[in-house]
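A quick write-up on the structure given underneath.
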Amino acid sequence: MLLPDDRYSMASIESAAHFALFAVTAIGIHVVESLLTLPVPWFRLGLAHIITMMMLPFYGTKFILGIFIVRVIVGSAIVGKLFSPGFVLAFGGGFSATITMIVAYKMTRKHLSFWGISLLGAWVHNLVQVFLAAVIIHHSSTLILMPYFLFFSIVTGSINGLLTNRIEAFPMSQASMPTPPRLT
Amino acid sequence: MKNSTRTSGDFLKGHKTGFREAVTRWDWAILIILIFLSWLSLYIFHPFHVRSNCVWISAGGKTLGFYPLNQDRIIKASGPLGTTIIKIHNGEASILKAPCPHKFCQKMGPIPSHGDIMVCIPNRIIVEIKKRKGRETDAITR
């Protein structure tokens, strides 16, 4: 995935560097965000999804999913939650949210801003997470929490999406950076 | 050199800067749809419309039995520490006496409605209010 056929060409080195850069940024946000204290346990803002959304115009599906997997595994290893039940929830929810956002971006490229994409991602993230929690603890009582998580996901999705709208619009359109190579 | 490099300014020509320009009507549509679906989930997943009339008691991982909530009775369930006495009275279940050291299970009751649960971990007793149909077909499992 990382190294295409022309192994040590400039493009492959560049793509590896881009992968490392985005992975490190996402891991940093993931770890710093886990230091934030929110009044309710398990609630997180999901700020690392901003990185996922920023990659959507430039990179392909495999690259974005690869960044996500590296981010979750390394990030939870640093925080100290690797392979805990919380890790399973974060992985399942984040994976489905990433796929949702990629599909939403590809299908509705002209019609949706990052706000809508982020809303969809956050909503699916919480939906899958609560169902996974019910599967993990073998009891359906966690589903009672579903409405609260879903309403909260609309708030956090709006925060992330509007931030991404600002981030994606501001520096890129003014600076003339070379476009990163498009990767599959 | 400059001709060969695409700039991201070209790439993002469709993107707008401010809130008003960036947000489209489809964003608002998705917001409204998701709020509606979340509100709907309040009715789908919340068990307030479920009326269950049985007390399910499990001792040591095995089902001791289902008991109707509307008949007053006293049930003795035996675990590794001794006998836990469970009382059903006025449509509520409560634990009267427990052999465990901290008596948390006594303080958890009385429980009247669907989904309420009392657990005694040292004595391995679970008391839950649920429907009689079976273990997996809970009304909120779909």
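The numbers here are math on the coordinates, done by the rules we state, and not lab data. All of these numbers come straight from a predicted model, not from anything done at the bench. Ideal geometry is used to build each Cβ from the backbone, glycine not excepted, and the neighbour counts take in all protein chains shown.
Can you give the net charge of the other residues whose Cβ lies under 15 Å from the Cβ of A:Thr108, counting K and R as +1 and D and E as -1? Could the numbers behind the result be given before it?
Details: positive: A:Lys106, A:Arg109, A:Lys110, B:Arg25; negative: B:Asp27.
Net local charge, A:Thr108 excluded: +3.
How many nm separate the modelled label positions at B:Asp72 and A:Val155, each set 7 Å beyond the Cα in the direction of the Cβ?
Those two pseudo-labels are separated by 4.6 nm.
Within the set of other residues whose C-beta is less than 14 Å from the C-beta of B:Lys87, count the net charge using Lys and Arg as +1 and Asp and Glu as -1. Could the numbers behind the result be given before it?
Details: positive: B:Arg73, B:Lys76, B:Lys97; negative: B:Asp72, B:Glu92.
Summing Lys/Arg as +1 and Asp/Glu as -1 gives +1.
Among the complete DSSP H segments of chain A, which ones combine at least 30 Å of alpha-carbon extent along their axis with a mean Kyte-Doolittle hydropathy of -1.0 or more? Kindly include the intermediate steps, with their values, before the conclusion.
On the way: long enough: A:10-35 (38 Å, 1.35); A:85-107 (33 Å, 1.23); A:114-136 (32 Å, 1.67); A:146-174 (42 Å, 0.63).
Helices passing the filter in chain A: A:10-35, A:85-107, A:114-136, A:146-174.
Suppose only helical runs count, i.e. DSSP H with n ≥ 4. What mean residue ellipticity at 222 nm does that imply for chain A under -39500 (n - 2.57) per run, divided by all residues and rounded to the nearest 500 deg cm²/dmol?
On the way: 6 runs with 127 residues, N = 184.
Result for chain A, helices only: -24000 deg cm²/dmol.
Counting partner chain Cβ atoms within 10 Å of every residue's Cβ in A:126-132, what's the average? The partial results should precede the final answer.
Details: counts 1, 3, 0, 0, 2, 0, 0.
Mean partner shielding for this stretch: 1.
Averaged across the residues of A:148-155, what count of C-beta atoms belonging to other chains lies within 10 Å of each residue's C-beta? List each step's numbers first, then the result.
Values: counts 3, 2, 9, 6, 1, 2, 6, 0.
Shielding by partners across A:148-155 averages 4.
For labels at B:Leu37 and A:Ile69 in the simple 7 Å Cα→Cβ model, what's the distance in nm?
Going from the B:Leu37 label point to the A:Ile69 one covers 2.6 nm.
What spacing in nm lies between the two simple spin-label points modelled at A:Leu35 and A:Ala17, each 7 Å away from Cα in the Cβ direction?
It is 2.9 nm.
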